[in-house]
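Undergrad: Take a look at the following structure, please.
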Amino acid sequence: MVLITAGLIYWKIKSKHQKDPRGPQFEENKGFLQHHSDALPGSRLDETESLLQYMSEDVCEYIHYEEVLLQSDPPAKRTPLQELLERMKMEKYSKRKLTINHILESFKDQTPHALEDLPRNFLRKVMALNGTARSTTIMPSTSEEQGSNQEKKQGIDETIFSHSDPDTTDSLHPLDVICAVLLCSDSFLHQEILSRMSMCQFSLPLLLPAINNPKGTLLLWAMRNIVRKWRPHSLAESRGFREESLVLTKMPTISFVRLGSCNFSKSKLLNMLLSSSQQHHDFFIHRDMESGNVPREIADGLVEISWYFPGGRQNLDLFPEPIAITNLHGDIESHWLQFHFLTEISSAVFIITESINEREYELLSSLQQSRAKFYFILNPPDEKCTEILQPLRNLAPLLKFNKSHLLVKNGAPNKAEFVKKVQSTIRSIMNSTHKRVNVEEMAMTARNIGIQVDEDCEECQRAKEWTEEITGEIEDIAKYKRKMLRLQGKLWKDLAEVEKQLYGVKGQNGNPVEIDKSKLKEKWLELRTEQNKCDFTSGLTKFTEGIGHQDAMGKHYFLKWFKLNLDCIARENLSKLQDEYERTCDPILLAELDESLSASSLGVEHFMLELGQFYEAECSMVKEGKMLESQRKFSQFPDIAADLMLEGFPMELLNGDASNIPLQWVTDVLTHLHTKLGGKSKMLVLAVLGVQSTGKSTLLNTMFGLQLAVSSGRCTQGAFMSLIKVTGNLKEDLHCDFILVIDTQGLKAPQLAQMENNYERDNELATLVIGLSDITIINIAMKNATEMHGILQIVIHSFLKMEEIGQKPTFQFVHHNINDVSAEEQNTSNRKYLVEQLNEMTKLAAKKEKGSREVAFSDIMDYVPEKHNWYIPSVWHGVPPMAQVNIGYSESVCELKKFLVDHMRNRSLNTAPKDIPQFNGWMTKLWYFVKYGKSPLTKNFVTEFL
């Protein structure tokens with residue numbers, strides 16, 4: 001106990017500064033007191049301040065403080081979590097949580113050399129979908145490597161046969177790192193972590209240990225983002241499939257727990273249960289993995305969950321329907337609440353044990369009211385085989401099990417045979433049980449027994465109710481969009497067409513066509529007036545309130561719930577339309593279904609787009625003198641959109657349906673963003689182009705940790721831009737504040753193939769993004785150069801356009817699905833052939849564009865085949881839906897990212913990055929050039945149109 005006499009402190013200061021304690025010495029007095037108060041609890045600091053003020057009143061008056069004692073209680077014992085966070089230097093994140101922006105801002109790719117590197121290493125790798133993300137191996141320092149070299153020089157003696165345990169003090173158990181990271185992360189980062197762990201086919205934390213609350217936390221919200229697709233055997237003949245949110249999918253749950261100590265690894269057994277004989281995968285972390293033998297510090301009591309989803313192949317699938325497998329880490333006696341939870345949600349519980357003593361027998365006897373079926377996996381030592389029989393005989397009538405519920409591991413011929421026996425037992429359970437639960441129902445059970453659920457916070461529940469008021473009105477998406485989002489669709493398409501005629505109609509040889517511009521301007525104003533007169537619908541009003549009248553946390557929850565609900569509705573709509581399409585033969589009905597399918601996508605971007613159109617219509621009314629500035633109602637919209645961009649949400653740049661940029665809206669949003677950043681808005685621009693479904697969004701998500709939509713029915717439409725903040729040394733190297741990433745819709749999209757201007761739309765899109773970008777990734781999911789012909793035609797057209805205005809874009813061809821290690825060598829001849837093709841296609845395109853002028857590809861681009869081609873393996877390793885992300889894909893994308901960052905670093909030395917006002921100016925010029933054919937080299941060319 002620390003005792004400090006306040007009077008003593010006072011007299012020390014008094015003797016030091018007799019004359020004027022309220023003068024210059026005041027701060028010194030304060031420093032003296034604060035120095036001594038460091039030994040006291042934080043709550044005493046304000047008392048110290050009061051004491052200082054009182055002392056300064058009158059130095060000559062003697063005030064006796066010996067009666068006043070400031071004392072501290074004995075220091076509280078640090079918890080295992082606090083000690084672990086201190087060792088990993090993560091204490092500051094126990095309250096001020098890690099966010100997704102912390103991850104997006106990190107461009108470092110470092111090998112862990114100390115415990116403090118492990119959390120960042122896990123986050124970086126899991127966001128990059130790297131299968132080694134859970135590894136907690138710490139690479140030795142230079143001095144340790146030298147010690148290892150000394151050992152190599154030693155002679156061979158009897159020490160080689162010693163079985164001393166390896167030193168595990170310099171590492172951590174992977175589950176401890178995962179638990180610590182989750183406890184130090186906010187709920188939105190939880191979603192990203194678990195979504196990417198799921199893609200890697202890692203088991204997911206279902207129930208966090210009771211570390212920072214009495215009974216643990218069930219992770220429901222963290223799994224909301226995960227969507228799985230599978231084909232049950234019941235749909236195998238029809239070749240149908242199901243796609244559903246993971247937390248809403250009902251299925252049998254089988255739990256595995258341990259009673260007492262056990263010689264063999266439960267997690268390793270589960271990995272064998274879930275793996276096909278052709279391909280083993282470590283779903284669960286076990287003792288034979290890297291650092292799996294390190295003692296757990298905080299992860300005991302963790303419940304993990306993994307799933308098996310069939311692919312509709314009876315000879316390959318282990319189970320005919322989806323099934324959930326849970327795994328409790330630690331002994332059930334020490335974690336009885338977690339075990340009780342598992343008995344409530346499970347169809348069957350497998351108890352792994354080597355013996356049953358009297359205390360354990362009493363515990364198991366208390367389960368006789370449970371509705372779960374109990375199975376025992378027995379692994380007794382030979383000398384204890386008979387001892388376990390009597391407890392089992394006594395338990396059998398209580399827990400309602402028989403001999404078939406007892407599986408003896410050491411009685412099986414080998415591991416493979418034993419695994420088959422357990423799999424067969426699980427299949428029989430699936431056939432006999434009618435109990436099927438989803439994660440939402442698991443959460444209800446958890447609440448009933450006092451376990452906390454992560455999404456039960458007030459902000460999350462309020463946002464959920466708010467979004468359900470909007471999405472509850474949506475049944476048919478196409479009808480809802482026509483009724484509630486009226487400014488887009490046909491109205492905007494008509495407006496875009498009038499603008500094109502007004503600003504850029506050309507006849508043969510590019511000569512302007514004589515048109516009555518006054519009539520077109522009149523038509524344009526009519527359409528804008530019609531937009532402005534549209535009512536602000538109830539759904540749009542609620543949406544605006546949701547994003548405009550809440551704090552940052554509430555806004556995030558609102559947008560997440562909104563996206564989750566809209567995606568769920570879109571999947572249901574899409575599934576119904578596809579079923580109708582397959583059953584329909586009527587050409588007229590098929591055409592209607594085609595239109596409904598193309599309109600079946602609905603996301604947050606459609607609501608933001610509607611706000612943008614209301615804003616643009618109002619701006620037009622003000623410019624044309626039809627409305628006073630003081631009458632404006634929507635002037636706050638760009639500010640709201642700018643906030644969303646800062647928080648990581650993508651913003652639409654080019655609308656795919658209307659093939660139009662809402663210039664006023666986009667430039668004003670970016671201008672507000674520039675203001676919010678205090679003018680520090682220099683940015684480098686990176687874009688991706690490619691044929692539809694070649695993995696463009698997946699590539700960007702893997703490379704930068706973005707959240708671009710990649711699920712079924714959610715192909716990117718148009719072009720979207722996302723901001724990534726650049727910090728630290730990289731900010732100085734790149735001379736910029738942000739990287740702006742542009743994701744684009746697929747070129748040569750099948751659903752647009754019937755449109756007469758499809759090729760023109762693709763050319764406009766490609767030219768725009770190439771012109772805006774500092775570097776463009778051209779995604780090609782083909783190995784054969786001749787198959788690239790379609791996309792290369794579009795790209796060459798764009799390069800010619802850039803050459804026309806004096807621009808020389810930088811690009812990289814990224815070839816996907818190249819799994820052969822010798823691909824680069826084998827493609828040498830293909831690359832030479834590609835150069836020939838590019839030259840030939842450039843000449844043809846140049847003649848078409850410029851008449852007689854002959855141009856080769858090398859004239860418009862600095863193309864070096866060896867430097868401008870990347871070969872990336874396919875994303876998936878294995879057979880879907882149980883395939884995991886190919887580690888070769890992750891590593892190759894990481895190498896590409898390093899190259900791109902280095903390239904941008906070198907480019908910034910010669911070309912200063914644009915800030916937002918410069919970007920806005922160039923984008924406006926470029927768009928008028930792309931859409932209306934007016935060269936940005938012409939002075940004041942934009943004013944000619946307005």
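The values are calculated or read from the model by the stated rules, or taken from the named source; none is laboratory data. Note that this is a predicted model, so its numbers are computed, not measured. Glycine gets a Cβ as well: all are built from the backbone with ideal geometry, and neighbour counts include every protein chain shown. In case anyone asks, the SASA skips ligands and DNA or RNA and just uses the protein heavy atoms, side chains included. Shrake-Rupley method; radii C 1.70, N 1.55, O 1.52, S 1.80 Å.
Undergrad: Give just the number: which of (1) free of Cβ contacts under 8 Å to residues at least 40 places away in the same chain; (2) under 27 Å from Asn573 (Cβ atoms); (3) surrounded by 18 or more Cβ atoms within 10 Å (Cβ to Cβ) does Lys479 not satisfy?
TA: So the condition that Lys479 fails would be (3).
Undergrad: Next up: For Pro913, all conditions in the list (1) touching an Asp or Glu at 6+ places or on another chain (Cβ under 8 Å); (2) crowded, with 17+ Cβ neighbours inside 10 Å; (3) at pLDDT below 90 hold save one; what is the number of the exception?
TA: Evaluating Pro913 over (1) touching an Asp or Glu at 6+ places or on another chain (Cβ under 8 Å); (2) crowded, with 17+ Cβ neighbours inside 10 Å; (3) at pLDDT below 90 leaves (3) as the failure.
Undergrad: Among the residues of region 427-445, which ones are of a type in the set (A, V, I, L, M) and in contact with a helix residue (DSSP H, G or I) (Cβ under 6 Å, 6 or more places away or on another chain)?
TA: Listed by number, the residues that qualify are Val437, Val439, Met442.
Undergrad: So which residues in region 859-903 are open to solvent by 60 Å² or more (accessible area, probe 1.4 Å), within 17 Å of Ala128 (Cβ to Cβ) and of a type in the set (Lys, Arg), if there are any at all?
TA: Lys898, the sole residue that qualifies.
Undergrad: Going by what's in this entry, would Asp282 be described as at pLDDT 95 or above and farther than 24 Å from Ile449 by Cβ?
TA: So Asp282 passes the test.
Undergrad: Applying the selection to region 189-213, what residues are assigned to a helix (DSSP H, G or I) and touching a residue at least 40 places away in the same chain (Cβ under 8 Å)?
TA: Leu189, His190, Gln191, Glu192, Ile193, Arg196, Met197, Ser198, Met199
Undergrad: Can I ask one more? Consider Trp665 against the criteria (1) at pLDDT 95 or above; (2) touching an Asp or Glu at 6+ places or on another chain (Cβ under 8 Å); (3) open to solvent by 20 Å² or more (accessible area, probe 1.4 Å): it satisfies all of them except one. Which criterion is unmet?
TA: Of everything listed in (1) at pLDDT 95 or above; (2) touching an Asp or Glu at 6+ places or on another chain (Cβ under 8 Å); (3) open to solvent by 20 Å² or more (accessible area, probe 1.4 Å), Trp665 misses just condition (3).
Undergrad: Can you say whether Phe562 is modelled with pLDDT of 90 or more, open to solvent by less than 10 Å² (accessible area, probe 1.4 Å) and closer than 18 Å to Ala709 by Cα, as far as the supplied structure shows?
TA: Judged against the criteria, Phe562 is a match.
Undergrad: Right, here's the next one. Kindly state which strands (runs of 3 or more DSSP E) lie completely within region 268-366 and contain at least 3 residues that are of a type in the set (A, V, I, L, M) and either out of contact with any His (no Cβ under 7 Å at 6 or more places or on another chain) or buried (at least 18 other Cβ atoms within 10 Å of the Cβ) (or both).
TA: Passing ranges, in order: 323-331, 348-353.
Undergrad: Name the single residue that is surrounded by the most Cβ atoms within 10 Å (Cβ to Cβ) among those in region 236-260 being small (Gly, Ala, Ser) and farther than 23 Å from Thr425 by Cβ.
TA: Filtering first and then ranking leaves Ser245.
Undergrad: If Ala912 meets every condition in (1) farther than 20 Å from Phe813 by Cα; (2) over 32 Å from the mean Cα position of the chain (by Cα); (3) not aromatic (Phe, Trp, Tyr) apart from one, which number is that one?
TA: Every listed condition holds for Ala912 apart from (2).
Undergrad: Here's a check for you: in region 266-294, which residue that is under 25 Å from the mean Cα position of the chain (by Cα) and touching a residue at least 40 places away in the same chain (Cβ under 8 Å) is farthest from Glu333 (Cα to Cα)?
TA: Among them, the one singled out is His281.
Undergrad: Do any residues in region 522-546 that are in contact (Cβ under 8 Å) with a residue 40 or more places away in the chain have Cβ atoms under 6 Å from those of residues that are open to solvent by 10 Å² or more (accessible area, probe 1.4 Å) and assigned to a loop (DSSP other than H, G, I, E, B), where the two are at least six apart or on different chains, and which pairs are they?
TA: Pairs that qualify, where the first residue is in contact (Cβ under 8 Å) with a residue 40 or more places away in the chain and the partner is open to solvent by 10 Å² or more (accessible area, probe 1.4 Å) and assigned to a loop (DSSP other than H, G, I, E, B), are Cys534/Arg486.
Undergrad: Can you work out which of the residues in region 668-698 that are part of a loop (DSSP other than H, G, I, E, B) and under 24 Å from Val795 (Cα atoms) is most open to solvent (accessible area, probe 1.4 Å)?
TA: Filtering first and then ranking leaves Ser693.
Undergrad: When only residues in region 214-260 that are under 26 Å from Phe376 (Cα atoms) and part of a loop (DSSP other than H, G, I, E, B) count, which is nearest to the chain's Cα centre (by Cα)?
TA: Of everything passing the filter in region 214-260, Lys250 is nearest to the chain's Cα centre (by Cα).
Undergrad: I'm trying to understand the selection: among the residues of region 603-627, which are of a type in the set (A, V, I, L, M) and closer than 10 Å to Gln531 by Cβ?
TA: Answer for region 603-627, where residues must be of a type in the set (A, V, I, L, M) and closer than 10 Å to Gln531 by Cβ: Ala617, Met621.
Undergrad: Only residues that are in a loop (DSSP other than H, G, I, E, B), among the hydroxyl-bearing types (Ser, Thr, Tyr) and crowded, with 20+ Cβ neighbours inside 10 Å: list them for region 716-748, please.
TA: Once the filter is applied, which keeps residues that are in a loop (DSSP other than H, G, I, E, B), among the hydroxyl-bearing types (Ser, Thr, Tyr) and crowded, with 20+ Cβ neighbours inside 10 Å, region 716-748 yields only Thr716.
Undergrad: Look through region 518-554, keep the residues that are more than 39 Å from the chain's Cα centre (by Cα), of a type in the set (Lys, Arg) and surrounded by 13 or more Cβ atoms within 10 Å (Cβ to Cβ), and return whichever of them is modelled with the highest pLDDT.
TA: Lys523
Undergrad: Is it fair to say Asn263 is closer than 29 Å to Leu566 by Cα, open to solvent by 10 Å² or more (accessible area, probe 1.4 Å), in contact (Cβ under 8 Å) with a residue 12 or more places away in the chain and in a loop (DSSP other than H, G, I, E, B)?
TA: So Asn263 does not fit the description; no.
Undergrad: Could you check region 837-858 and list, in sequence order, the residues that are modelled with pLDDT under 80, of a type in the set (D, E, K, R) and open to solvent by 90 Å² or more (accessible area, probe 1.4 Å)?
TA: Lys847, Lys848, Arg853, Glu854 - these are the residues of region 837-858 that are modelled with pLDDT under 80, of a type in the set (D, E, K, R) and open to solvent by 90 Å² or more (accessible area, probe 1.4 Å).
Undergrad: Please state which of the following conditions Glu580 fails to meet, knowing it meets all the rest: (1) in a helix (DSSP H, G or I); (2) under 25 Å from Leu700 (Cβ atoms); (3) not hydrophobic (A, V, I, L, M, F, W, C).
TA: Glu580 satisfies every listed condition except (2).
Undergrad: Taking region 437-447 on its own, how many of its residues are farther than 17 Å from Ala210 by Cβ and open to solvent by 90 Å² or more (accessible area, probe 1.4 Å)?
TA: Summing the residues that are farther than 17 Å from Ala210 by Cβ and open to solvent by 90 Å² or more (accessible area, probe 1.4 Å) in region 437-447 gives 1.
Undergrad: Count, please, the residues in region 412-436 that happen to be assigned to a helix (DSSP H, G or I) and either surrounded by 12 or more Cβ atoms within 10 Å (Cβ to Cβ) or among the polar types (S, T, N, Q) (or both).
TA: Summing the residues that are assigned to a helix (DSSP H, G or I) and either surrounded by 12 or more Cβ atoms within 10 Å (Cβ to Cβ) or among the polar types (S, T, N, Q) (or both) in region 412-436 gives 16.
Undergrad: Going through Glu616, Glu629 one at a time, which residue ends up being open to solvent by less than 20 Å² (accessible area, probe 1.4 Å) and not small (Gly, Ala, Ser)?
TA: Answer to the check: Glu616.
Undergrad: Still on this structure: Got a sec? Which helices (runs of 4 or more DSSP H) wholly within region 79-167 have at least 3 residues that are open to solvent by 40 Å² or more (accessible area, probe 1.4 Å), at pLDDT 75 or above and under 23 Å from Met197 (Cβ atoms)?
TA: Hits in region 79-167: 118-127.
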